[in-house]
Every structure is written in C-alpha cells, then in structure tokens.
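The values are calculated or read from the model by the stated rules, or taken from the named source; none is laboratory data. None of these values were measured; they are calculated from a predicted model. We place every Cβ from the backbone using ideal geometry, glycine too, and count neighbours over all the protein chains shown.
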Amino acid sequence: MPHVAPHDGSAGFAARLVATAAAPLDPASADAPQVLHWPGRRLLVQRADTELAVRELDGDGTEIRFPAPWPRRYGSTAVSPTGDLAVFAGVHALRAVDATGAVRWEFRHACWSAAVCTRAHSSFAEYADDHHHGHADSGSAAFSPDGKLLWAHVRTLVGPRAEEEWLILDPADGRVLARAETTTVGSGSFHLPHPDPAYMGLTVLAGEEDSPVLWGHWDGATLTVQHFAEEILLGASPSGEHFLTTDTGQWSLYLHRAQDGAELRRLDGQVAVPPSSDEDDRVRWEFEAAFPYDDAAVVGTEDHGNVPRHWLVDPRAMTVRGRIEYPFSVAGPPRSAGPGTWYTVSEDGTRIHLWSLAHRG
C-alpha cells in the first residue's frame with residue numbers, strides 16, 4: 001500500500017543548495033531559463049525573440065548567443081550536448097544554426113497551422129505578419145545524449161490531410177534516418193531524452209483527454225514506437241532503467257520500465273499526499289518533476305497556496321517518503337538537472353537554484 005503522510009510536516013528531507021546561477025537574459029523579454037543535461041554536461045538555456053543564450057553550468061561558464069530565425073512564439077528549440085549547435089523547431093521548418101550563427105541545414109515540413117495553410121513557405125518573412133501562423137500549433141526536437149541523433153516531432157501533408165511524424169535526423173546534415181507516424185493531432189509537444197541514445201520519449205499535447213506519450217527505440221535500422229494514452233512524461237532515472245509519468249488528470253504517478261515500456265507500479269496522489277488546505281478538493285501531481293536518483297524522485301503537487309510542496313518519492317515501492325524542506329522559499333515545480341540534482345526557477349525568473357538531498361552529501 002502507498003505510504004500515507006499523516007501531515008505536511010512529517011518526515012521532512014532537507015534540500016541542500018548546490019549552486020545558484022543568474023539567467024542569461026532579461027526575463028521580461030525572454031522565456032524562463034531552463035537546464036538541459038546529459039552525462040557529464042549541463043547547460044543553462046534561455047530563449048528570447050531574437051536570440052538563444054546557452055551557457056555552461058559546469059566548467060568556465062562559456063556562453064554562446066545563437067541568432068534566432070523567428071520570434072519565440074513560432075516554435076521551440078533544441079541544443080546539442082556540446083552546446084555548439086542549436087535547432088529551431090518552427091512553424092514550417094527545422095533550422096540548425098552553429099555557434100557562428102551560420103545555418104548548417106534546414107528541413108522543411110508542413111505548416112503547424114495546416115488547417116489554414118497548405119503552402120510550402122520558404123522563408124519566415126512570407127508569413128511573419130499572418131495571424132494564424134503566429135498562433136499555430138508547434139512540434140519540438142531534442143538531441144540524443146551523445147549528440148549523434150536529433151529526434152523531431154513535425155507535421156506533414158499527405159494529400160489534403162495533415163499528419164504528424166516522429167523523425168530521427170543526422171544533426172550533421174539534417175538527413176532523415178528514420179520516421180514513424182504518431183497518429184496524433186497535437187497542439188504542442190516536448191521530448192524527454194534518455195541516458196541511452198537509442199531511446200527517446202515524446203509527450204504530445206493534444207487536449208486534456210488525448211495527450212499521449214510516445215516511447216521510441218532506434219537500433220540503427222528500425223524505429224519502434226510505443227504509445228501510452230493520456231500520460232505525460234516526467235523524467236527518466238539516471239541509470240535509464242525506468243521513466244516516470246503522470247496522467248492528464250494528474251491523479252497518479254506511473255513507473256515504467258524503459259526497455260519495454262511496461263508499467264510496474266503506480267502511486268495515487270489522493271492516498272499518498274494530504275490536501276494542502278480546505279480549498280483543494282483533491283491532490284494533483286505537477287506536470288514537471290525530477291528523477292535525480294534511481295531510488296528517489298522529487299515530485300510536486302499543485303496547490304492553491306503560495307508555497308510549493310515537493311515530495312520525495314521512492315520509485316522502488318512507489319511511496320512518498322516525505323516532504324522536501326528548503327532553506328528558503330522556492331517557486332514552481334522541481335525540474336531535472338541531471339544525476340543527483342534538480343532545479344527550481346526563482347519567482348521573478350532571474351535565477352535558477354540547483355539542489356540535492358542533504359543526506360546524500
């Protein structure tokens with residue numbers, strides 16, 4: 001049976017502040033900073049309308065500014081583990097830009113506003129002032145941890161119909177190595193890299209009831225994809241043996257085996273965590289979390305109060321061990337920052353804080 005926490009103050013686990021880093025860009029004109037991580041490498045990334053800032057979190061703090069081909073509302077970005085190549089996933093194309101600002105390659109695809117646009121636009125200027133393109137759906141992209149593969153969720157036209165595909169490309173030249181239909185109609189998506197370059201996760205945002213998780217495996221010749229209906233990816237364990245999801249209703253956490261996607265255990269939030277106040281009718285798991293240890297995940301619950309509640313979850317038994325206690329107030333959910341760490345973003349968006357469990361050293 002899941003562990004039932006008797007009250008919020010029980011079984012607290014102290015978080016140790018590992019580091020604080022300033023956001024590269026002004027949060028008033030940029031997205032919130034985020035941490036991208038791979039084995040032995042962490043990057044602080046922040047997107048503004050005209051540029052993408054990428055800074056090393058470890059080492060000498062080298063920073064690169066990539067010129068953006070279109071404003072940030074027109075898509076998302078991916079950055080290579082070495083930090084010297086950025087891919088902008090736009091409304092009509094994937095565009096790879098190197099550290100000098102030069103375009104390495106471009107892969108054009110159908111419009112993410114396909115309901116009103118079936119043209120093969122060749123430049124952003126052709127639709128920069130169009131309302132529908134400015135409010136289009138979007139895909140996403142992500143690099144494998146070795147930097148040798150780029151996974152991308154794109155839209156394609158099959159006759160008069162718009163369909164969606166999951167592609168694997170060679171980031172050196174944009175050549176398509178594999179492709180699979182997603183059978184989705186997404187409004188957005190995000191990837192979850194796995195420690196093993198052969199695996200990748202994709203969450204397609206397709207409405208409250210339909211958002212699926214796709215779990216892909218590429219053996220160098222064949223791309224196989226598993227579908228998990230109405231789930232959202234939260235994190236992969238450092239060893240790569242497991243990944244964690246929640247459902248679109250935020251009722252439960254689900255532990256899956258990465259090798260075959262099988263669900264091993266689940267944790268009902270209603271049973272495991274008490275409501276924060278009388279205003280909360282039930283407990284809802286956050287849509288973001290961290291999996292910093294093979295035997296411990298840090299997961300938040302959505303609450304009406306101003307103080308976030310983050311919980312230490314033991315995936316081996318799918319129990320809540322207790323609440324994370326911080327040395328000062330934090331904002332938002334916990335997010336993955338690599339093995340042994342997670343991060344939070346300050347309420348004003350000017351800093352990120354890296355954390356670890358104090359009792360782990």
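Which one is modelled with the highest pLDDT, of the residues in region 157-179 that are among the small types (Gly, Ala, Ser) and within 20 Å of residue 76 (Cβ to Cβ)?
174
Can you find a residue in region 116-139 that is surrounded by 15 or more Cβ atoms within 10 Å (Cβ to Cβ), under 22 Å from the mean Cα position of the chain (by Cα) and within 30 Å of residue 239 (Cβ to Cβ)?
yes
Report yes if some residue within region 273-285 is more than 22 Å from residue 143 (Cβ to Cβ) and within 21 Å of the chain's Cα centre (by Cα); otherwise report no.
Checked against the condition, which is being more than 22 Å from residue 143 (Cβ to Cβ) and within 21 Å of the chain's Cα centre (by Cα), region 273-285 yields at least one hit.
Could you tell me how many of the residues in region 217-254 are closer than 28 Å to residue 304 by Cβ and either in the same structural domain as residue 204 (by TED's automatic domain parsing) or of a type outside the set (Phe, Trp, Tyr) (or both)?
Looking only at that region, the number is 15.
Considering only region 25-71, how many residues are of a type in the set (A, V, I, L, M, F, W, C) and surrounded by fewer than 18 Cβ atoms within 10 Å (Cβ to Cβ)?
2
Would you list the strands (runs of 3 or more DSSP E) that sit entirely within region 239-327 and hold 3 or more residues that are among the aliphatic types (A, V, I, L, M), at pLDDT 95 or above and surrounded by fewer than 15 Cβ atoms within 10 Å (Cβ to Cβ)?
The strands (runs of 3 or more DSSP E) meeting that bar number zero.
Could you grab me the full set of residues in region 323-349 that are more than 20 Å from the chain's Cα centre (by Cα) and of a type in the set (Ser, Thr, Tyr)?
Selection gives 326, 329.
Might you let me know whether region 209-217 holds any residue that is within 26 Å of residue 112 (Cα to Cα), crowded, with 20+ Cβ neighbours inside 10 Å and at pLDDT below 95? Before the answer, list the steps.
Residues of region 209-217 within 26 Å of residue 112 (Cα to Cα): 209-217.
When the remaining residues are screened for being crowded, with 20+ Cβ neighbours inside 10 Å, the result is 211-216.
When the remaining residues are screened for being at pLDDT below 95, the result is 211-212.
Yes; the residues of region 209-217 include at least one that is within 26 Å of residue 112 (Cα to Cα), crowded, with 20+ Cβ neighbours inside 10 Å and at pLDDT below 95.
Is it the case that residue 110 is buried (at least 16 other Cβ atoms within 10 Å of the Cβ), within 18 Å of residue 174 (Cα to Cα) and modelled with pLDDT under 95?
yes
Looking at region 48-76 only, could you name the residues that are part of a loop (DSSP other than H, G, I, E, B) and either touching a strand residue (DSSP E or B) at 6+ places or on another chain (Cβ under 7 Å) or at pLDDT 95 or above (or both)?
49, 50, 57, 58, 61, 62, 68, 69, 70, 71, 75
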